[in-house]
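Worksheet: the structure to be examined is printed underneath.
The values are calculated or read from the model by the stated rules, or taken from the named source; none is laboratory data. In this text, all values refer to a predicted model and were calculated from it rather than measured experimentally. Areas reflect the complete protein model, heavy atoms only, side chains present, ligands, DNA and RNA absent. Shrake-Rupley method; radii C 1.70, N 1.55, O 1.52, S 1.80 Å.
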Amino acid sequence: MPNSPGKTLAGRRAQAARNDEVILEAARAVFLDDPKAPIAAVAERAGVGISALYRRYAGKEDLLRQLCHAGLRRYVAEAEAALAEPDDWTAFSAFLTQVVDADVHSLTVHLAGTFTPTEEMGRDATRAGELATALFERARASGRLRPDAVVQDLGLLLEACAAVRVPDSERTGQLRRRQLAVLLAGLSTGPAADPLPGPAPAAGEFDWRWRRRE
């Protein structure tokens with residue numbers, strides 16, 4: 001019996017979703033290696049024709065925007081999940097661990113300033129900031145977060161972990177977890193904790209990177 005039109009359409013949609021996932025994974029790998037790479041390099045790595053890629057994305061900027069927005073949504077999702085954890089410090093550390101494991105900030109650092117963000121991205125970025133602040137304040141309320149830390153320190157912490165990269169992806173994950181543990185220990189209160197050096201990062205201090213570069 002031939003497939004019904006409904007089943008055929010559902011099958012095509014499922015295939016399109018799989019193709020889109022392959023393209024995004026290829027784009028992630030290509031642009032992490034070289035943000036200036038042409039969009040044709042993405043099609044080649046994904047094993048699809050350039051026309052198939054252009055059917056989904058109007059151009060390289062559209063693809064970069066989608067990649068970064070996907071990372072932003074993942075950040076928001078991990079923060080929302082962490083807020084359900086009843087223990088304040090566990091919620092804070094689990095959130096950072098999940099974001100590091102998802103490698104969200106590698107794309108953020110590499111792709112900032114390469115596209116014009118949308119209003120929806122702006123709203124999601126605001127939401128991300130609110131959630132991170134909520135987790136940070138809960139960690140402070142637990143008494144385990146050093147009093148001179150600020151929420152902007154989290155961005156620097158995540159960037160430091162994202163900078164750890166070796167050819168083996170599994171080893172990269174292990175080393176990032178270790179780096180995160182070291183940094184979390186530095187944020188924790190302790191009897192011998194020295195004051196953090198230098199002025200704390202200010203709100204909006206790193207926003208310059210999102211200004212579009214020509």
> In the full protein assembly as shown, how much of Glu205 is accessible to a 1.4 Å probe, in Å² to the nearest 10?
Replying inline: 90
> Stretch Glu44-Ser169 to full length: gain in nm at 0.36 nm per residue minus the Cα-Cα span?
Replying inline: 42.8 nm
> Can you pull the three principal axis extents for the Cα set of the chain, in Å, largest first?
Replying inline: 71, 45, 37
>> Can you classify segment 115-214 as rounded, prolate or oblate using the Cα gyration tensor, where a ≥ b ≥ c are the square roots of its eigenvalues, rounded means a/c under 1.5, and otherwise it's prolate if a/b beats b/c and oblate if not?
In response: oblate
>> Could you work out [θ]222 nm for the chain from helices alone, using -39500 (n - 2.57) per DSSP H run of at least four and dividing by all its residues? Round to the nearest 500 deg cm²/dmol.
In response: -22000 deg cm²/dmol
>> Quick check for you: with a 1.4 Å probe and neighbouring chains kept, what is the accessible area per residue of the chain, in Å²?
In response: 57
> Using Cα atoms only, what is the angle between the long axis of helix 88-102 and the major principal axis of the chain, expressed in degrees (0 to 90) to the nearest 10?
Replying inline: 40
> Hey, any idea what % of the chain's accessible area is carbon plus sulfur with a 1.4 Å probe?
Replying inline: 54
> Which residue fluctuates the most in the chain, going by a Gaussian network model with Cα springs under 10 Å, if the choices are Thr118, Thr90, Thr172?
Replying inline: Thr118
> Normalised by the residues of the chain, what does the relative contact order come to in percent, with Cα pairs under 8 Å and at least six apart?
Replying inline: 20
